[in-house]
Amino acid sequence: MPTTPEDYVRQVPRAHTNGDFAREEMHLAGRNASLPLEALRHEVTPIGQHYLLSHFDIPFVADASDWRVAITGEVEAPGELTVEAIKRLPARTLRVTMECAGNGRSGVSPRWQSMPWEHGAVGTAEWTGTPLRHVLDSAHLRPSAVDIAFTGVDRGFDGGTEHAFARSLTPAQALDEDVLLAWAMNGVPLPPQHGFPLRLIVPGWYGMASVKWLARIEALSAPFDGYQQVRNYMYRSAPGAAGTPVTTIKVRSLMVPPGIPDWYSRRRIVDAGSTTLIGRAWAGGGDAIAKVEVAVDGQWRTAELQPTTSRHAWIGWQFTWNATPGEHELLCRATTASGETQPLEAPWDNGGFGNNSVHRVGVLVR
Ligand SMILES: Nc1nc2c(c(=O)[nH]1)N[C@H]1C(S)=C(S)[C@@H](COP(=O)(O)O)O[C@H]1N2
Ligand SMILES: [Mo]
């Protein structure tokens with residue numbers, strides 16, 4: 001009997017571990033870049049410093065004029081749209097902070113072997129596109145449509161199942177004016193790795209909702225049950241638990257590590273005296289940042305917030321620290337208007353999702 005594809009891919013072990021990073025985790029880390037934390041200085045992340053997460057291969061799309069998006073299922077007017085036709089619809093540009101649900105996974109103990117993010121699976125871009133609702137309105141959703149599935153062209157195996165990357169939104173979520181079919185990022189056409197020629201942008205949600213290389217929009221009469229919807233992106237407090245869906249972005253803050261690094265260890269050396277600590281804070285689901293605090297050696301004090309520039313984007317903060325010689329641990333944490341705050345340690349999650357524990361940076365002041 002020849003080996004099946006499912007058996008072949010399962011020959012590589014995958015587990016929860018506190019041990020060394022596996023070769024497979026290193027391979028994923030090399031393919032999926034994170035934001036270098038010094039790039040938090042940019043209000044809008046330059047394209048090459050925005051994080052990346054692609055599950056399968058980045059599709060090769062030579063010519064956007066061949067691209068079609070199919071609109072099918074529970075609609076009165078199914079059809080296909082070219083990117084040119086989508087670009088003729090009313091355009092909007094939104095500044096949106098996107099974060100991967102797995103950000104912080106390498107700090108979860110034991111960690112699930114997957115993309116071993118530290119803190120940098122986040123970035124803010126100006127996405128230009130048309131509100132998805134224009135396309136849904138002209139296709140006329142039937143009342144029988146209870147879910148809308150968005151499918152990319154990228155395809156592969158995960159969890160023993162072959163599938164194209166796909167996610168869904170309910171009609172109410174999908175009709176939000178701020179959900180975009182986007183063709184540009186920071187004023188230029190989407191780069192291949194960010195979804196050229198067309199992707200979904202779902203502000204306030206973890207990144208998995210913003211399907212890249214979008215090829216199909218299908219209105220469904222039953223809830224979507226794709227792998228990335230009901231099996232992968234679930235919070236599970238124990239292996240095998242049914243879990244709850246991963247949706248909007250939890251509150252989080254990060255700081256630009258002060259001083260200068262050691263090349264290999266990334267340990268930081270800071271000169272004594274007045275030092276301005278800066279960083280950014282964000283939360284999804286329409287919740288605003290109300291407060292950022294910084295702790296030096298365990299004592300929490302309030303940082304100064306910069307003005308909001310977009311209800312979907314991070315805000316800047318700063319804090320003046322009088323650095324005294326010796327070793328110190330610097331922490332930052334954000335709190336939202338609705339009172340959500342970052343924990344010192346997040347509850348354990350089976351897939352390493354949603355670890356929004358406080359950011360800690362160790363330094364030696366000289
Ligand atoms: N088609 C497709 N869309 C996708 C993905 C993917 O692998 N394939 N990854 C998702 C995940 S998990 C994240 S976090 C974001 C990352 O978007 P970026 O690479 O543009 O930063 O894209 C999402 N959209
Ligand atoms: Mo992600």
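The values are calculated or read from the model by the stated rules, or taken from the named source; none is laboratory data. Given the structure is predicted, the values throughout are model-derived calculations rather than measurements. Here the Cβ positions follow ideal geometry from the backbone for every residue, glycine too, while neighbour counts run over all protein chains shown.
Evaluate the following for Ala313: is it touching a residue at least 40 places away in the same chain (Cβ under 8 Å), among the hydrophobic types (A, V, I, L, M, F, W, C), within 20 Å of His42 (Cα to Cα) and not in a loop (DSSP other than H, G, I, E, B)? Reasoning before the result, please.
Details: touching a residue at least 40 places away in the same chain (Cβ under 8 Å): yes; among the hydrophobic types (A, V, I, L, M, F, W, C): yes; within 20 Å of His42 (Cα to Cα): yes; not in a loop (DSSP other than H, G, I, E, B): no.
Spelling it out, it is not the case that Ala313 is touching a residue at least 40 places away in the same chain (Cβ under 8 Å), among the hydrophobic types (A, V, I, L, M, F, W, C), within 20 Å of His42 (Cα to Cα) and not in a loop (DSSP other than H, G, I, E, B).
Do we find a residue being of a type outside the set (A, V, I, L, M), at positive phi and part of a loop (DSSP other than H, G, I, E, B) anywhere in segment 89-108?
Yes, some residue in segment 89-108 is of a type outside the set (A, V, I, L, M), at positive phi and part of a loop (DSSP other than H, G, I, E, B).
One residue is enough: does segment 127-136 have a residue meeting the conditions of a type outside the set (D, E, K, R), part of a loop (DSSP other than H, G, I, E, B) and surrounded by fewer than 20 Cβ atoms within 10 Å (Cβ to Cβ)?
So far as segment 127-136 goes, no, none of its residues is of a type outside the set (D, E, K, R), part of a loop (DSSP other than H, G, I, E, B) and surrounded by fewer than 20 Cβ atoms within 10 Å (Cβ to Cβ).
Looking at Ser54, Ser106, can you tell me which residue is small (Gly, Ala, Ser), under 23 Å from the mean Cα position of the chain (by Cα), under 29 Å from Ala139 (Cβ atoms) and within 16 Å of ligand 2 (Cβ to nearest atom)?
The conditions single out Ser54.
So which residues in segment 94-103 are away from ligand 2 (no atom under 16 Å from the Cβ) and either crowded, with 20+ Cβ neighbours inside 10 Å or without any contact (Cβ under 8 Å) to a residue 40 or more places away in the chain (or both)? Give the derivation first.
We begin by selecting, within segment 94-103, every residue away from ligand 2 (no atom under 16 Å from the Cβ); these are 94-95.
Within segment 94-103, just Leu94 meets the criteria.
Across segment 40-61, what is the number of residues that are in contact (Cβ under 8 Å) with a residue 12 or more places away in the chain, in a helix (DSSP H, G or I) and within 14 Å of ligand 1 (Cβ to nearest atom)?
2
Could you pull out the residue among Val230, Val294 that is of a type in the set (Val, Ile, Thr) and outside any strand (DSSP E or B)?
One residue alone meets the criteria, Val230.
Here's the yes/no breakdown for (1) within 16 Å of ligand 2 (Cβ to nearest atom); (2) in contact with a Gly (Cβ under 7 Å, 6 or more places away or on another chain); (3) under 22 Å from Gln193 (Cα atoms):
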| residue | (1), (2), (3) |
| --- | --- |
| Ala33 | yes, no, yes |
| Pro36 | no, yes, yes |
| Pro46 | no, no, yes |
| Ala70 | no, no, yes |
| Thr82 | no, no, yes |
| Ile86 | no, no, yes |
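Of the numbered conditions (1) touching a Phe, Trp or Tyr at 6+ places or on another chain (Cβ under 8 Å); (2) closer than 18 Å to Leu40 by Cβ; (3) exposed (fewer than 12 other Cβ atoms within 10 Å of the Cβ), Pro307 fails exactly one; give the number of that condition.
(1)
Conditions tested, residue by residue: (1) part of a helix (DSSP H, G or I); (2) crowded, with 16+ Cβ neighbours inside 10 Å.
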position: Gly19; (1), (2): no, no
position: Glu24; (1), (2): yes, no
position: Ala29; (1), (2): yes, yes
position: Leu35; (1), (2): no, yes
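Output yes when any residue across segment 25-48 is more than 22 Å from Ile201 (Cα to Cα) and at pLDDT below 95, and no when none is.
Checked segment 25-48: no residue is more than 22 Å from Ile201 (Cα to Cα) and at pLDDT below 95.
When the residues of segment 247-262 are filtered to those that are out of contact with any Phe, Trp or Tyr (no Cβ under 8 Å at 6 or more places or on another chain) and charged (D, E, K, R), which remaining residue is nearest to Phe353 (Cα to Cα)?
Checked segment 247-262; the qualifying residue nearest to Phe353 (Cα to Cα) is Lys250.
Give just the number: which of (1) buried (at least 20 other Cβ atoms within 10 Å of the Cβ); (2) among the aliphatic types (A, V, I, L, M); (3) away from ligand 2 (no atom under 16 Å from the Cβ) does Val146 not satisfy?
(1)
Kindly indicate which of Ala77, Ala70 is within 30 Å of Ser221 (Cα to Cα), touching an Asp or Glu at 6+ places or on another chain (Cβ under 7 Å), surrounded by fewer than 16 Cβ atoms within 10 Å (Cβ to Cβ) and at pLDDT 95 or above.
Only one candidate passes the filter, namely Ala70.
Select from segment 206-226 the residues that are more than 18 Å from the chain's Cα centre (by Cα), outside any strand (DSSP E or B) and touching a residue at least 24 places away in the same chain (Cβ under 8 Å) and list them in ascending order.
Our first condition is that a residue be more than 18 Å from the chain's Cα centre (by Cα); within segment 206-226, this holds for 215-226.
With the extra rule that they be outside any strand (DSSP E or B), the set shrinks to 221-226.
Ser221, Ala222, Pro223, Phe224, Gly226 - these are the residues of segment 206-226 that are more than 18 Å from the chain's Cα centre (by Cα), outside any strand (DSSP E or B) and touching a residue at least 24 places away in the same chain (Cβ under 8 Å).
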